[in-house]
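Participant: Below is a structure I'd like to ask you about.
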Amino acid sequence: MSGADEGHGPTAVSVVPEVPDRDRGHRNEVVVVGRITAPPRVRILPSGDRLVSWRIGVARPRDPSRPGATGRVDSLTLVSFEERIVDRVSGWRRGSVVRATGALRRRIWRGALGVRSVLEVEVASVSPIGEGER
């Protein structure tokens, strides 16, 4: 007999840990406020759905350790498939300041140059908070 059989050593017990809900605590929520740098463009997809996309520039906070440095801006692409948003933003102009909420999405596709990807904000709600060029 082995030591494990006599109670003198570890015994092999198959324990399957409870698998936690893999979505518990995960969040993908984005709030951005920035100036429109490329006007909204509406495309009709092969499915017949409409997609609106536009870019905004979001100023980064100034770095106090770099006096005199020019402010940096992050350029973000915003997209939406929701008809109410497509209709709402399609006439907006460059220079307007907007607030958008949504989620980050990575879109991947295969093209002539191989596999490509882009990170976008898929917008769930958006509203203008300032006027720009007319």
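The values are calculated or read from the model by the stated rules, or taken from the named source; none is laboratory data. This is a predicted model, so every value here is computed, not measured. When we count neighbours, we look across all protein chains shown, and the Cβ atoms used for this are built from the backbone with ideal geometry, even at glycine. SASA here: full protein model, heavy atoms, side chains in, ligands and nucleic acids out. Shrake-Rupley method; radii C 1.70, N 1.55, O 1.52, S 1.80 Å.
Participant: Do we find that VAL32 is outside any loop (DSSP other than H, G, I, E, B) and either touching a helix residue (DSSP H, G or I) at 6+ places or on another chain (Cβ under 7 Å) or of a type in the set (Asp, Glu) (or both) in this structure? Lay out the reasoning, then the answer.
Facilitator: Working: outside any loop (DSSP other than H, G, I, E, B): yes; either touching a helix residue (DSSP H, G or I) at 6+ places or on another chain (Cβ under 7 Å) or of a type in the set (Asp, Glu) (or both): no.
Taking the combined requirement at face value, the residue does not satisfy it.
Participant: Looking only at residues that are farther than 19 Å from GLU120 by Cβ and hydroxyl-bearing (Ser, Thr, Tyr) in segment 58-82, which one is farthest from the chain's Cα centre (by Cα)?
Facilitator: Top of the filtered list is SER65.
Participant: Please tell me if ALA124 is open to solvent by less than 100 Å² (accessible area, probe 1.4 Å), under 29 Å from HIS26 (Cα atoms) and modelled with pLDDT of 95 or more. Don't jump to the end; show me each part of the working.
Facilitator: Values: open to solvent by less than 100 Å² (accessible area, probe 1.4 Å): yes; under 29 Å from HIS26 (Cα atoms): yes; modelled with pLDDT of 95 or more: yes.
Answer is yes for this residue.
Participant: Something else: State the number of residues belonging to segment 47-92 that are part of a loop (DSSP other than H, G, I, E, B), touching a Gly at 6+ places or on another chain (Cβ under 8 Å) and surrounded by 11 or more Cβ atoms within 10 Å (Cβ to Cβ).
Facilitator: Start the filter on segment 47-92 by keeping residues that are part of a loop (DSSP other than H, G, I, E, B), which leaves 47-49, 60-72, 81-82, 90-92.
From the residues that got through so far, the ones that are touching a Gly at 6+ places or on another chain (Cβ under 8 Å) too are 60, 62.
Pick out the ones that are also surrounded by 11 or more Cβ atoms within 10 Å (Cβ to Cβ) and you get 62.
Total satisfying the criteria: 1.
Participant: Of all residues in segment 97-117 being open to solvent by less than 40 Å² (accessible area, probe 1.4 Å) and modelled with pLDDT under 95, which is farthest from GLY48 (Cα to Cα)? Talk me through it step by step, then tell me what you get.
Facilitator: Of segment 97-117, the ones open to solvent by less than 40 Å² (accessible area, probe 1.4 Å) are 97-98, 100-103, 111, 114.
The next check asks that each one be modelled with pLDDT under 95; those that pass are 111, 114.
Details: GLY111: 22, GLY114: 26 Å.
Among them, the one singled out is GLY114.
Participant: Based on what the data block shows, is ARG24 closer than 28 Å to ILE129 by Cβ and open to solvent by 100 Å² or more (accessible area, probe 1.4 Å)?
Facilitator: On the way: closer than 28 Å to ILE129 by Cβ: no; open to solvent by 100 Å² or more (accessible area, probe 1.4 Å): yes.
No.
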